[in-house]
Amino acid sequence: NNAITTLTNPGSDRLYLETTVNPNLTPRNSSPNFLNVPIAFLCSNQPATISPNAFDPDGDAIQYSLTACRSLSATNNVSYGPGFTPTTPLTTTVADPVAIDASTGLITFTPSGTQVGVICILAEEYRNGQKIGQIIRDIQVKVLNCNNSAPVAAPITNYFIQVGQQLC
């Protein structure tokens, strides 16, 4: 996509897909499914959270990390622009850089300035502590100048009630 501002010559990058299948694995393995669309529209200077919302149909554990986006082959990374890397894929505030939770895949940061970037997530599958597969998910992020502020939810009070009691 020529609109990406965090890569060098983004229109020259090509799509890369890879699948590794272990035919001897019992039960067979399915790749994790990502339920959220891989596009995010965010506001500059407002905290952001992106969830890949992945699940594994086989119940395998998924471990997440940031990784380089690929072009043409497994060893050919896209060319990041000056100051950008797989773990620094966007311009953010110093206090809140891009971070990923290895267990949930939640990506948190506060973007600064308008930009279009790409974040790549490596989702590794583990069964009984043994790595059995992996998939890389690309997410395109567009950061805009916004005139509004993100909504703030009021804290929810915790209530403890006994079985059979009602709470209104």
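The values are calculated or read from the model by the stated rules, or taken from the named source; none is laboratory data. Just so we're clear, the structure is a prediction, and the values are computed from it rather than from any experiment. Cβ: placed from backbone, ideal geometry, glycine included. Neighbour counts: every protein chain shown. Heads up: the accessible areas ignore ligands, DNA and RNA and are worked out on the full protein's heavy atoms, side chains in. Shrake-Rupley method; radii C 1.70, N 1.55, O 1.52, S 1.80 Å.
Quick one: what pairs do we get from the range 68-90, first residue under 18 Å from residue 2 (Cα atoms), second among the acidic types (Asp, Glu) and in a loop (DSSP other than H, G, I, E, B), C-beta under 6 Å, 6+ apart or different chains? Sorted first by the residue in the range 68-90, then by its partner, the pairs are 71/13; 78/13. Counting the residues of the range 88-106 that are closer than 16 Å to residue 63 by Cα and either touching a helix residue (DSSP H, G or I) at 6+ places or on another chain (Cβ under 7 Å) or assigned to a loop (DSSP other than H, G, I, E, B) (or both) gives 6. Mind listing whichever residues of the range 46-69 are surrounded by 17 or more Cβ atoms within 10 Å (Cβ to Cβ) and out of contact with any Cys (no Cβ under 8 Å at 6 or more places or on another chain)? Hits for the range 46-69 are 48, 50, 52, 54, 56, 60, 62, 64. A Cβ distance below 9 Å, combined with a sequence gap of six or more or placement on separate chains, defines the contacts here; from the range 139-162, residues that are touching a residue at least 40 places away in the same chain (Cβ under 8 Å) and assigned to a loop (DSSP other than H, G, I, E, B) reach no residue that is exposed (fewer than 10 other Cβ atoms within 10 Å of the Cβ) and of a type in the set (Gly, Ala, Ser).
Quick check: is even one residue across the range 17-32 assigned to a strand (DSSP E or B) and at pLDDT 85 or above? Within the range 17-32, none of the residues are assigned to a strand (DSSP E or B) and at pLDDT 85 or above.
Residue 117 passes every criterion in (1) in a loop (DSSP other than H, G, I, E, B); (2) crowded, with 20+ Cβ neighbours inside 10 Å; (3) among the small types (Gly, Ala, Ser) apart from (1). Taken over the range 11-35, residues that are open to solvent by 60 Å² or more (accessible area, probe 1.4 Å) and within 15 Å of the chain's Cα centre (by Cα) amount to 2.
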